[in-house]
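Colleague: The following block contains the structure, expressed as structure tokens.
The values are calculated or read from the model by the stated rules, or taken from the named source; none is laboratory data. Only a predicted model underlies this, so the values are computations on that prediction, with no experimental measurement involved. Virtual Cβ from ideal backbone geometry, glycine too; neighbours counted across all protein chains shown. Side chains included, ligands, DNA and RNA excluded: accessible areas come from the protein's heavy atoms. Shrake-Rupley method; radii C 1.70, N 1.55, O 1.52, S 1.80 Å.
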Amino acid sequence: MPVTISGPRRLRGEITAPGDKSVSHRAAMFNAIANGSAVITNFSPGADCASTLDVLRALGVEIDRGPGEPGVGDTLHLTGLGMHGFLEPANVLDTGNSGTTTRLMSGVLAGRDIFAILNGDDSIRSRPMGRVVQPLRKMGAEIYGRKQNTLAPLVFAGGKLEGMRYEMPVASAQLKSCLLLAGLRADGVTELVQPALSRDHTERMLSAMGALVSAEGLTVSISPSELDAVDVFVPGDISSAAFWMVAGLIHPDAEVIIRGVGINPTRAGVIDALRLMNADITLENERDAAGEPVADIVVRSSQLKGAVIAGDIVPVLIDEIPVLALAAAMAEGETRFADAEELRVKETDRIAASADWLTAAGVEVETSHDGMVVTGSGRILGGTFNAHHDHRIAMTEGIAGLISESPVTVDGSEIASISYPQFWQEIKKLGGVVE
Ligand code: S3P
């Protein structure tokens, strides 16, 4: 569905970020294999997290979902089945568009005495799954997939898990979490060495649930453990907040407040990157919500400058690079993104998709295998841009419409609902015109 966005002269307002997608997936999955019942508040409204709930229900987990208090996301009541309680699913488990569901559930399903198949949409069936299948097979799981066990559908057919020491080839929180979840049920210790730090929500939540998990530097270890259910208040999603942050910074007359955003340091690289680009960002009301740091974020119009975004910061802002590329287009000078080859294998190839729409918007972009150089011109032409069936590309193009010279039409806008169904409504709250 196409939507057309044009900007107000003044961009002002307050947004409450929706519940974090990564934390929501984990809160549901980990409580599903825990002992006891849990209440999860401010659950992500996105379709990805709904896919996780569908998969868990098909494995026998009872989940009751209802609306939360005004201004807060849905509340879940979930009863865990314990570490070994899943029922054999009668049908293929559908993970939709969700890489997190597919990869984390691979760790949950590996080496169980039930037969299960994970499958998703076209995007999921083209994304690399060998990175989880190969180490899980090394631990003793029987798993099969297309193309020599590298692509979904993935078939889980039992096996017996043994702990191992594993040097992870990519700084991926999905891979790390998958192997930690398998390690919970393996004999002996599972030790993972990461090439760089990635989001640590899994380590934090498993530890709060009583798992024997520890982290030192880049090494994370886990021993077989039972989990106790815990209530989780899901913080606001910084990956969703990033769109409003960039909107407020690049609009010439703006002040935007985003309430209740999770600022876990392994997620908040976007704040550091934007500050490096000369952004006026203030954190207010810093507090703690269920083991995760949270703040209100205030952004004001800023003359951004080009920067280099490369190295260890990349995994902690990986999902924000599409919207950072828009910030770069509005900045003075060049911004170079490097060491971001993982972007090539997200919901779509996000390097190619970003270059595609930015070029059509009149911006100079040069791509490389692991990034791109964006030459800021301070202007975005309008036009019709394709969402590339990727929620973050669709929303980035929508934000561009708030500052572009003529309106922006986003073709395929409905894909935003993967993480942020209310996104187009929220644009109106800030004064943007959505038609
Ligand atoms: C996620 C980890 C990241 C991120 C994805 C969510 C998670 O993927 O891109 O949107 O919840 O663990 P990788 O871990 O594969 O980089």
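Colleague: Which condition breaks for ILE313 when tested against (1) open to solvent by 40 Å² or more (accessible area, probe 1.4 Å); (2) among the β-branched types (Val, Ile, Thr); (3) in a strand (DSSP E or B)?
Modeller: (3)
Colleague: Please enumerate the residues belonging to the stretch 4-38 that are farther than 22 Å from VAL261 by Cβ and open to solvent by 10 Å² or more (accessible area, probe 1.4 Å).
Modeller: THR4, SER6, GLY7, PRO8, ARG9, ARG10, ASN35, GLY36, SER37
Colleague: Could you tell me whether ASP237 is within 12 Å of the ligand (Cβ to nearest atom), closer than 30 Å to GLU332 by Cβ and either modelled with pLDDT of 95 or more or not basic (Lys, Arg) (or both)? Show your work before the answer.
Modeller: On the way: within 12 Å of the ligand (Cβ to nearest atom): yes; closer than 30 Å to GLU332 by Cβ: yes; either modelled with pLDDT of 95 or more or not basic (Lys, Arg) (or both): yes.
It is true that ASP237 is within 12 Å of the ligand (Cβ to nearest atom), closer than 30 Å to GLU332 by Cβ and either modelled with pLDDT of 95 or more or not basic (Lys, Arg) (or both).
Colleague: Has the stretch 71-79 got any residue that is free of Cβ contacts under 8 Å to residues at least 60 places away in the same chain, on the phi > 0 side of the Ramachandran plot and not aliphatic (A, V, I, L, M)?
Modeller: yes
Colleague: From the list SER354, SER419, SER413, SER406, exactly one residue is hydroxyl-bearing (Ser, Thr, Tyr), within 15 Å of THR4 (Cβ to Cβ) and open to solvent by less than 50 Å² (accessible area, probe 1.4 Å). Which is it?
Modeller: Exactly one residue qualifies, and that residue is SER413.
Colleague: Oh, and also: In the stretch 140-180, which residues are buried (at least 18 other Cβ atoms within 10 Å of the Cβ), outside any strand (DSSP E or B) and over 25 Å from the mean Cα position of the chain (by Cα)?
Modeller: Once the filter is applied, which keeps residues that are buried (at least 18 other Cβ atoms within 10 Å of the Cβ), outside any strand (DSSP E or B) and over 25 Å from the mean Cα position of the chain (by Cα), the stretch 140-180 yields GLY140, LEU161, GLY163, MET164.
Colleague: Name the residues in the stretch 48-70 that are open to solvent by 50 Å² or more (accessible area, probe 1.4 Å), more than 17 Å from GLN422 (Cβ to Cβ) and free of Cβ contacts under 8 Å to residues at least 24 places away in the same chain, would you?
Modeller: Once the filter is applied, which keeps residues that are open to solvent by 50 Å² or more (accessible area, probe 1.4 Å), more than 17 Å from GLN422 (Cβ to Cβ) and free of Cβ contacts under 8 Å to residues at least 24 places away in the same chain, the stretch 48-70 yields ARG57, GLU62, ASP64.
Colleague: Can you tell me which residues in the stretch 331-344 are open to solvent by 50 Å² or more (accessible area, probe 1.4 Å) and either assigned to a helix (DSSP H, G or I) or of a type in the set (A, V, I, L, M) (or both)? Explain how you work it out, then say what you get.
Modeller: Looking only at the stretch 331-344, we keep the residues that are open to solvent by 50 Å² or more (accessible area, probe 1.4 Å), and these are 332, 334, 336, 339, 341, 344.
GLU341, ARG344 - these are the residues of the stretch 331-344 that are open to solvent by 50 Å² or more (accessible area, probe 1.4 Å) and either assigned to a helix (DSSP H, G or I) or of a type in the set (A, V, I, L, M) (or both).
Colleague: Can you name every residue in the stretch 191-210 that is within 11 Å of the ligand (Cβ to nearest atom) and closer than 28 Å to ASP231 by Cβ?
Modeller: We begin by selecting, within the stretch 191-210, every residue within 11 Å of the ligand (Cβ to nearest atom); these are 194, 196, 198-202.
SER198, ARG199, ASP200, HIS201, THR202, listed by residue number.
Colleague: Mind checking whether some residue in the stretch 126-133 is within 16 Å of the ligand (Cβ to nearest atom) and touching a Cys at 6+ places or on another chain (Cβ under 6 Å)?
Modeller: Restricting attention to the stretch 126-133, the residues satisfying the condition of being within 16 Å of the ligand (Cβ to nearest atom) are 126-133.
So of that shortlist, the ones also touching a Cys at 6+ places or on another chain (Cβ under 6 Å) come out as 132.
The answer is yes; a qualifying residue exists.
Colleague: Related question: When you go through GLU342, GLU320, GLU292, GLU347 one by one, which is the residue that is under 19 Å from the mean Cα position of the chain (by Cα), modelled with pLDDT under 95 and charged (D, E, K, R)? Explain how you work it out, then say what you get.
Modeller: Numbers: GLU342 fails: modelled with pLDDT under 95; GLU320 fails: modelled with pLDDT under 95; GLU347 fails: modelled with pLDDT under 95.
Answer to the selection: GLU292.
Colleague: Collect the residues in the stretch 299-315 that are in contact with a helix residue (DSSP H, G or I) (Cβ under 8 Å, 6 or more places away or on another chain) and more than 16 Å from the ligand (Cβ to nearest atom), keeping them in residue-number order.
Modeller: VAL299, ARG300, SER301, SER302, LEU304, GLY306, ALA307, listed by residue number.
Colleague: Among the residues of the stretch 67-82, is there at least one that is within 14 Å of the ligand (Cβ to nearest atom) and modelled with pLDDT of 95 or more? Walk me through it before giving the result.
Modeller: Going residue by residue through the stretch 67-82, those that are within 14 Å of the ligand (Cβ to nearest atom) are none.
No; the residues of the stretch 67-82 include none that is within 14 Å of the ligand (Cβ to nearest atom) and modelled with pLDDT of 95 or more.
Colleague: Right, something else. Scan the stretch 56-73 residue by residue and report those that are within 24 Å of ARG103 (Cβ to Cβ) and not in a loop (DSSP other than H, G, I, E, B). Steps first, answer last, please.
Modeller: The initial filter retains those residues of the stretch 56-73 that are within 24 Å of ARG103 (Cβ to Cβ), namely 56-61, 63, 65, 73.
The answer is LEU56, ARG57, ALA58, ILE63, ARG65.
Colleague: Looking at (1) touching a helix residue (DSSP H, G or I) at 6+ places or on another chain (Cβ under 8 Å); (2) farther than 30 Å from VAL92 by Cα; (3) free of Cβ contacts under 8 Å to residues at least 40 places away in the same chain; (4) of a type outside the set (Gly, Ala, Ser), which is the only condition PRO169 fails?
Modeller: Exception for PRO169: condition (2).
Colleague: Now, a different point. Step by step: first the residues of the stretch 106-116, then only those that are in contact with a Phe, Trp or Tyr (Cβ under 9 Å, 6 or more places away or on another chain) and outside any strand (DSSP E or B), then the one that is surrounded by the fewest Cβ atoms within 10 Å (Cβ to Cβ). Which residue is that?
Modeller: Start the filter on the stretch 106-116 by keeping residues that are in contact with a Phe, Trp or Tyr (Cβ under 9 Å, 6 or more places away or on another chain), which leaves 106, 108-112, 114-116.
From what is left, the residues that are outside any strand (DSSP E or B) are 106, 108-112, 114.
On the way: SER106: 30, VAL108: 24, LEU109: 28, ALA110: 29, GLY111: 21, ARG112: 20, ILE114: 15.
So, considering only residues that are in contact with a Phe, Trp or Tyr (Cβ under 9 Å, 6 or more places away or on another chain) and outside any strand (DSSP E or B), the one surrounded by the fewest Cβ atoms within 10 Å (Cβ to Cβ) is ILE114.
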